[in-house]
Structure formats: C-alpha cells, structure tokens
Amino acid sequence: MSPITSTTHDQDALLRAGIDRSLRHPVMFFLTSGAAWLAVSIFLGVIASAKVHSPGFLSSWSFLTYGRVFPAHLNALVYGWGMQAAFAMIIWLMARLSRKECTMVGTILTAGHVWNLGVSLGVIGILTGHGTGMPWMEFPSFAWPVLLVSYFAIMIGSFIQFRVRPEGHVYISQWYLLAAMLWFPWIFITANTLLHCVPGHPLMGAGISAWFRSAMIFLFFTPVALGTAYYLAPKVTGRPIYSYALAKLGFWSLAVIAPWAGMQKLVGAPIPYFLPYIGAAATALLFIPACAAAINTIRTMLSNPETLAASPSLRFTVAGISGLIILAVAAVLLNLPGSSLRLTQFSLSGYGFDILALYGFFSFVMFGATYFIVPRVTLREWLSRRLIKMHFLFSVYGIITVALVALFGGVLQGGGQEDWQQPWSAAAAYAKPYAVAITFSWCLILFSNIFFFMHLALMWLRLGRRSTHPTLLVRGHGSGSPHGDDGDIDNAGPGHVHAH
C-alpha cells in the first residue's frame, strides 16, 4: 500500500470515527427508546389478539377493551418503534454518506424527548377513551402538532448535512432516505389538516385515513428500509450494488405508483366507483419496485456468500427483504377486484398485511442495521452472540406465523362474512383458531424483543466487550470484510448511483 493511500485511509477512518462519536447519544437514544416502545406495542398486541378469541379476557379493565388496546398497539408500533428506528437510521446514514459530523446533538435529543412525550400522551389518550377512531391516526388531536414540530427539529440536521455534502455522486441510499424525509411531512400534514383542521364529510375522512395508512407504509417506512438495505448490502459484503439501473427503476416506480394506493379499503362505499380500483391497481403494481429492490439487494449479498452466512446484519436484512417479496405478493393477491378484495376488506388480512410491512419487512432491516451501527457508535462489541441468534429465530418464526396466519385466516373470515345465510358470529368462528396462533406468536416475539431492548440498553451504557474492531463475532469471512461486519468502506466500489 502506497503512503498516499495509507494516509487517505487513515483520514477516512478518523472522519468516520468522528461522525460516529458525534452521533452516539442520538442514535442510541432513538434505538433504545424505540425498542422499549416495540416491547410495549407487542405486549398490547398480545392482549388485543387474546381478546379476539377470548372476549372476556381482562374484561373488568375498561382501558383494556379491544377498541382501545388494538389501536394503542398499532400506534405504539408505528410512532414509538417505527418512526424512532427510522430517525436513528436517517441521521446516522446521512451523516456517514454526506461525510459530515453532527453539530445539532442537543436539538435532536431535546426533540427526541418531546417526540416520546407526544407518543406517550397519545397512547394514554387512546387507552383512556380519547382516541380519534381513525386507523393509524388514533392519537388525540393535540398530539400531531407536537409530533410534527419534533420531526422537523430531528430531521433539520440531516437536511443540512445533505445540502453541504462534498461535491460528487449521490448514493442510492441517499435517494431513498431523502425521499422519505420529504414525503413524511407531506403525508402527515395533508392527512391531519384535512381531518382535524378542515373536517368534511366522514366518508371522505375514512378515505383520507386509508390513504394515510398506505402512504406511511410505502412512502416512508419502505424508502427508509430500502435505503438502509442498499447501504448494508455493499458495505458488509465489500461488493458493488448488483445493478444501479434496477435501483433507479425501483426508486422511480415507487415514487410514481405508491401515492395512488390506499383507497381500495373503501370498495363498496358511496364514492366515485373508480377510486377504490385505482387504489387496488396501484397497490398491486407496487410488486414492480419491491421486486426490483429485492433482486438488487439479494444479488449483492449473494455475491459474498461467506460473509452473508457469518454476518448478523446481513441475516436480518435478507429476512427483511424476503418479507418485502412476500408483502409484494400479498399486495397482488389481496387486491384482486371482484374476488379477494371484497373478502379481505373487513377481516384479519388487513392486519396481517400491516404487520408484515411494519415488522416482517421494515423492522427486520432495522434490526440488521442496529447490529451493524451500535458497535460503531459505542465502540463496544455486542455482549452475546446467542442473544442475537435467539432474537432472529424467535422473530422469524413468530412473524411468519402472525402475518401468514392473519392473511390466510382473514380470507376464510371474509368468506364467512360474505355468506349471508350464516350468522355474523360464524365468521368470527372461522377466525378463532388463527387468532389463537397469532396470540402465541406475539408472545414469542415479545420474549425475544425484551432481550433485544436489554441488549441495547447495556450497549448504550457501554457495558459491551471492549474492542478496537466492532462486531467481531467471526473472523476471516469474505474478502471485503476481514472482520465479519467490519467492512467499513463508505464507497463500496462502483455500485453507487450518481445524481444527474
């Protein structure tokens, strides 16, 4: 290695170390508090699922009725875990890819505490009977301005970092992350303004709520997860992205198709006939960007099979991308006009689709990134390889059961609802065994995520094993990564996508 190359490598290492050091507390705050909310959400999910097949369960507690626990479960999952995991990924990846240290740590941490306060008050408001009744927007109306202001305070630093980045290329990860950063306020402001500030007919309120749910999945959580996966795949394997033509196809098809999805939930409602079917067609067409991204990232990770087999980060990422493929197939099968669409509209299938998107896809990619990022910002190794493996196995088996059982059981439940010769209770009887399986699976996932939270908290306290190289769980796997997950090269070959 020439002296110039060695000097450049040392400078890059010092720059990365400075970026990681500047972001240690914000990243660990969002991941740890998000993991705590994930455990709370899953606990509420266990209660809500138990009430589906055992309505008398905890019936003496008014704040634990199904109509309160279920929305609290979903909103804690979305805003407590999902949003905070996304914040951690965005601020760290934007800093790394823009090659700029964070100078707004105090602002981000203050806004993060305000965000958690808003989520806490929102969940308490739902449980005390003050929810709005609009899916994914059940927090009392006072909560959304608090969350919006907190969001801008958290994200402003990442916007600035992208703006003042060194001249040159823009990575595909930055495309997705920047798009998510811009799309969320558009989605959030539009939906909440129309529903809370200038409320109109309740029927259109239902349509706005359905669009908001779909937009949050496909225009915020999906871009964040894909941006993260596009970073991890070449980073850990030391290989370039398989095809950045496919990467651009996936990005632009998502941007064009996703805003039209969501209204299929109102099939049969007294609205213009074409709107639900446009929503159904758009949701089915999301198969295109999903498959483009899945093929691209999986082919990149398969280019270094030894590292793929050894790396916890890639193991979770592959599971998440596999969840994206299943989500894309479900989007097609659940939105066929005239057949499955009418069967799944009011059944468990919608819940299974949401959980598959939020946990089976998004959360798994976030877990993979967490196992990659945390040792770098804490300068400690993970305490237990066994805990990581347990987290993976329990989560995989649990979410497969929750999502697929809900999807399939929802189809049978919908068939029972369509049979007008049978009482409505017969449809619930169809769903009961599937609800029991979902409850059991949530218990498995809760068990693994309690230990995930504890593992994170101990790492934040810097009680992990000391090491000069992060995540040395294995050695000698892969040419691009001599230390397992420690392939720390921001520009992983020619696989980045240039801005035009």
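Every number here is computed from the coordinates shown, using simple stated rules; none is lab data. None of the values given here were measured: they were computed from a predicted structure. Quick reminder, even Gly has a Cβ in these numbers, built from the backbone with ideal geometry, and neighbours come from all protein chains shown.
In the stretch 1-91, the alpha-carbon atoms span a convex hull of 98 Å³ per residue.
Nearest 0.05, what FRET efficiency do ARG21 and HIS113 give at R0 = 30 Å with Cβ-Cβ as r? Calculated transfer efficiency: 0.90. Of the three principal axes defined by the Cα atoms of the chain, the extents in descending order read 82, 47, 43 Å.
Under 5 Å between amide hydrogens, built in the peptide plane, is the criterion, and for ARG380 it picks out nothing among residues at least 5 positions away or on other chains. Among complete DSSP H helices in the chain, those whose alpha-carbon atoms stretch at least 27 Å along the helix's long axis and whose mean Kyte-Doolittle hydropathy reaches 1.6 are 312-333.
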